[in-house]
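Asks: The structure's right below; bear with me while I get my questions together.
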Amino acid sequence: MSNHHLNQPIENYGCEMSEAARVVILVHGRGQTPQYMKENIVDHLSLGDVAYFAPTATDNTWYPMGFMASFEENEP
């Protein structure tokens, strides 16, 4: 099985990794984007010593169907 998310960009927010006291991985929700996570989490927290990494899901969704669908239906 191939992972079609692997070639998507990863957004970086906050401080540089080399200056970070903490690292946070931000995973956006269905229909959202890394920019949404920046505007609604990173910008509100205003933590200067945190490096944030936000991967992008293909077509802004991590899986094809809703979360109540069977595992088989939600495979790529």
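The values are calculated or read from the model by the stated rules, or taken from the named source; none is laboratory data. Predicted model only: the values in this text are computed from it and were never measured. Cβ atoms come from the backbone with ideal geometry, glycine included; neighbour counts cover every protein chain shown.
Asks: Determine whether segment 37-60 contains at least one residue that is more than 18 Å from H5 (Cβ to Cβ), in contact with an Asp or Glu (Cβ under 8 Å, 6 or more places away or on another chain), assigned to a helix (DSSP H, G or I) and modelled with pLDDT of 95 or more.
Replies: yes
Asks: Of all residues in segment 46-65, count the ones that are free of Cβ contacts under 8 Å to residues at least 12 places away in the same chain and either within 17 Å of E11 (Cα to Cα) or small (G, A, S) (or both).
Replies: Summing the residues that are free of Cβ contacts under 8 Å to residues at least 12 places away in the same chain and either within 17 Å of E11 (Cα to Cα) or small (G, A, S) (or both) in segment 46-65 gives 2.
Asks: Filtering segment 26-45 down to residues that are surrounded by 14 or more Cβ atoms within 10 Å (Cβ to Cβ), among the aliphatic types (A, V, I, L, M) and within 10 Å of the chain's Cα centre (by Cα), which residue is farthest from I10 (Cα to Cα)?
Replies: It comes out as M37.
Asks: Would you confirm whether or not segment 3-23 contains a residue that is without any contact (Cβ under 8 Å) to a residue 60 or more places away in the chain, on the phi > 0 side of the Ramachandran plot and in a strand (DSSP E or B)?
Replies: yes
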